[in-house]
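Enquirer: This structure is in structure tokens; I'll ask about it shortly.
Every read-out reported here was derived from the displayed coordinates using simple, explicitly stated rules and does not represent laboratory data. Quantities reported herein were computed from a predicted structural model and do not represent experimental measurements. Quick reminder, even Gly has a Cβ in these numbers, built from the backbone with ideal geometry, and neighbours come from all protein chains shown.
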Ligand code: GDP
Ligand code: IMO
Ligand code: MG
């Protein structure tokens, strides 16, 4: 039976939390496969609003097993805080499974994330400051510390000594910060071990067995395609692979298991942090989108940069992820425009590009080429079928669908669970 992957098709914050929640009662497992508490996924259920950072959005669906798989980086303090917060609101968190192979965010990762950003000054990436990049760097350097290491005090101490030998030199000598004591970090993390133990499992084995038994596994991506370490706007990216290929490595299942890749796509574009963004609006329309769409970061509270829809980016997402279906979110936000600009290509120093230019230098200089589609004035937040949308909104969706190269199977007309038009089943 199927594994379904959900990926952000732009720069994150496309509405992945809402999309996952929508299918929550139709799937058996919801799996986070990359990233960490840099994510901020909003789920609105009735009058309740939840912001999830590290936990899979499926934790809010009572029959789902939420899984934090091997590809995720875990800050244990944040995990417990998030679990506590949900429990206080009556959410049952006991079903959670955490991979023994997931890497741990350590205090020195957070410190290094912050000091390197400060050092970069104007050239900073604009990270969330959660230690994500340094943790993945250690994973690749083979000096990372994994969940399972917390249960072997000897190994944990050895690894910590090794890591702090280097990190303290960097913190004190390069950045003029205070170093960290092995004993203190050791105690903090052995303290977490017992609280984490009940959740820890061989999640790859469990997920493969579940698939063998015909259960449905939903792989919930964080961030987005253009923030992918390989396929994003490097170096202005996150340090993991949110794209569909990353779901296999990050969850420990084979690519042949995945039968559907759902791309979440906002009806316009936003980005948090630095880096190229051709359709970004610096005028009152950018502010109009920000205010109407509530485009403020869930994790850091920063203003999201806002711009019109960019078709080459969505087409790129279709390509690198093998997207089979799109969920077009926030169509309601565009109500009230006489004409809606849609970027169909770029002008780079006088040359027309229909696709994202090969080099980042060209992408930095890309000036959007717009087509203008007719807008609509009606409030569409109460629409529940495609036919209930104004004709021009229908045409907007159909035109985007042609441009992006995969069918739009669902449309968001508001943040609520019920504010979705599902044209074809997403699972
Ligand atoms: P994620 O990181 O991809 O899960 O997205 P975020 O939660 O960071 O940002 C998406 C925001 O848009 C959240 O505040 C959602 O509640 C909201 N949202 C999602 N879908 C829709 C929609 O169709 N219409 C409107 N107006 N808001 C939506
Ligand atoms: P969700 O899952 C939007 C951005 C940061 C920064 C870059 C690197 O809610 O869509 P990092 O802390 O990951 O090293 O920062 O990536 N970023 C996000 N932008 N949504 C997110 O998550 C993001 N997670 C990271 O702003 O530009
Ligand atoms: Mg978000």
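Enquirer: How high is the relative contact order of segment 103-198, given as a whole-number percent (alpha carbon pairs under 8 Å, six or more residues apart)?
Expert: 25 percent
Enquirer: Round to the nearest 0.05 the FRET efficiency obtained for residue 152 and residue 187 when R0 = 25 Å and r is the Cβ-Cβ distance.
Expert: The calculated FRET efficiency here is 0.95.
Enquirer: Label-point separation (nm) for residue 178 and residue 354, each offset 7 Å from Cα along Cα-to-Cβ?
Expert: About 6.0 nm, to one decimal.
Enquirer: Going by the alpha-carbon gyration tensor, a ≥ b ≥ c the square roots of its eigenvalues, is segment 172-274 rounded (a/c under 1.5) or, if a/c is not under 1.5, prolate (a/b greater than b/c) versus oblate?
Expert: Oblate.
Enquirer: For segment 10-139, give me the percentage of DSSP beta bridges that are antiparallel, rounded to the nearest 5 percent. Walk me through the numbers on the way to the answer.
Expert: Numbers: 5 of 14 bridges.
So the antiparallel bridges in segment 10-139 amount to around 35 percent.
Enquirer: Each label point is 7 Å from the Cα along the Cα-to-Cβ direction; what then is the distance between the points at residue 49 and residue 141, in nm?
Expert: Using points 7 Å along Cα→Cβ, the separation is 3.9 nm.
Enquirer: Continuing with the same structure: Just report the Cα centroid separation between segment 398-422 and segment 344-364, whole Å.
Expert: Computed from Cα coordinates, the inter-centre distance equals 27 Å.
Enquirer: Separate question: Please order 166, 362 by the number of other Cβ within 10 Å, starting at the fewest.
Expert: Numbers: 166 13, 362 16.
So the ranking, lowest neighbour count to highest, is 166, 362.
Enquirer: Applying 1/(1 + (r/R0)^6) with R0 = 51 Å to the Cβ-Cβ distance of residue 166 and residue 401, what FRET efficiency is obtained, to the nearest 0.05?
Expert: Between residue 166 and residue 401 the formula returns 0.50.
Enquirer: Using r as the Cβ-Cβ distance of residue 25 and residue 365, and R0 as 45 Å, what FRET efficiency do you calculate, to the nearest 0.05?
Expert: Computed FRET efficiency for residue 25 and residue 365: 0.45.
Enquirer: In segment 358-427, how does Rg compare with the Kirkwood Rh, expressed as the Rg/Rh ratio over alpha carbon atoms?
Expert: Numbers: Rg = 15.5 Å, Rh = 14.3 Å.
Result: Rg/Rh = 1.09.
Enquirer: Something else now. Peptides 295-301, 116-122: what's the order by average Cβ count within 10 Å, highest mean first?
Expert: The packing order, highest mean first, is 295-301, 116-122.
Enquirer: Counting just the Cα atoms, what span does the chain cover along each of its three principal axes? Round to the nearest Å and put the largest first.
Expert: Largest to smallest, the principal-axis extents are 66, 50, 39 Å.
Enquirer: On to the next question. Can you tell me the convex hull volume per residue for segment 105-232, based on C-alpha atoms, in Å³ to the nearest whole number?
Expert: Each residue corresponds to 140 Å³ of Cα convex hull volume.
Enquirer: Once a ≥ b ≥ c are taken as the square roots of the eigenvalues of the Cα gyration tensor of segment 7-74, is the result rounded (a/c under 1.5), prolate (a/b larger than b/c) or oblate (a/b not larger than b/c)?
Expert: oblate
Enquirer: Helix 284-293 versus the longest principal axis of the chain: what is the Cα-based angle in degrees, 0 to 90, to the nearest 10?
Expert: It is inclined by approximately 70 degrees.
Enquirer: Further, regarding this structure: Considering only the chain, what is the antiparallel percent among its DSSP beta bridges, to the nearest 5?
Expert: Percentage antiparallel, nearest 5: 40.
Enquirer: How high is the relative contact order of the chain? Use alpha-carbon pairs under 8 Å, at least six apart in sequence, and give a whole percent.
Expert: Answer for the chain is 20 percent.
Enquirer: Continuing with this model, one more query. In degrees from 0 to 90, rounded to the nearest 10, what is the angle of the helix 76-88 Cα long axis to the longest principal axis of the chain?
Expert: Between the helix axis and the principal axis of the chain, the angle is about 60 degrees.
Enquirer: Exposure proxy check: 150, 358, 106, 403 ranked by fewest other beta carbons within 10 Å? Present the calculation step by step, with values, prior to reporting the outcome.
Expert: Numbers: 150 22, 358 9, 106 27, 403 18.
The most exposed by this proxy come first: 358, 403, 150, 106.
Enquirer: I would also like to ask the following. Among 196, 112, 162, whose mean-square fluctuation peaks in a Gaussian network model of the chain (Cα, cutoff 10 Å)?
Expert: Highest fluctuation among the options: 162.
Enquirer: Could I ask something else about it? Can you tell me the equivalent ellipsoid semi-axes for segment 65-160? Use √(5λ) from the Cα gyration tensor, largest first, whole Å.
Expert: 25, 19, 11
Enquirer: By counting other Cβ atoms within 10 Å of each Cβ, how are 376, 11 ranked from fewest to most? Walk me through the numbers on the way to the answer.
Expert: Details: 376 22, 11 28.
So the ranking, lowest neighbour count to highest, is 376, 11.
Enquirer: OK, next. Nearest 10 degrees is fine. How inclined is helix 203-212 to the longest principal axis of the chain, computing both from alpha carbons?
Expert: Between helix and principal axis, roughly 50 degrees.
Enquirer: Could you please state, rounded to a whole Å, how far the C-alpha centre of segment 259-299 is from the C-alpha centre of segment 311-332?
Expert: 14 Å
Enquirer: Looking at the chain as a GNM with Cα springs under 10 Å, which of 223, 48, 34 has the largest mean-square fluctuation?
Expert: Result: 48 has the largest fluctuation of those listed.
Enquirer: Percent of Cα-Cα pairs per 5 Å bin, from 0 to the last occupied bin, for segment 259-312, please list those.
Expert: Per 5 Å bin, starting at zero, the Cα-Cα P(r) for segment 259-312 comes out as 5, 19, 28, 24, 14, 6, 3, 1, 0 percent.
Enquirer: Follow-up. Which percent, nearest 5, of DSSP beta bridges in segment 289-427 are antiparallel?
Expert: In segment 289-427, DSSP labels about 75 percent of beta bridges as antiparallel.
Enquirer: Between 39, 311, 193, where does the largest GNM mean-square fluctuation fall for the chain, given springs only between Cα atoms within less than 10 Å?
Expert: 193
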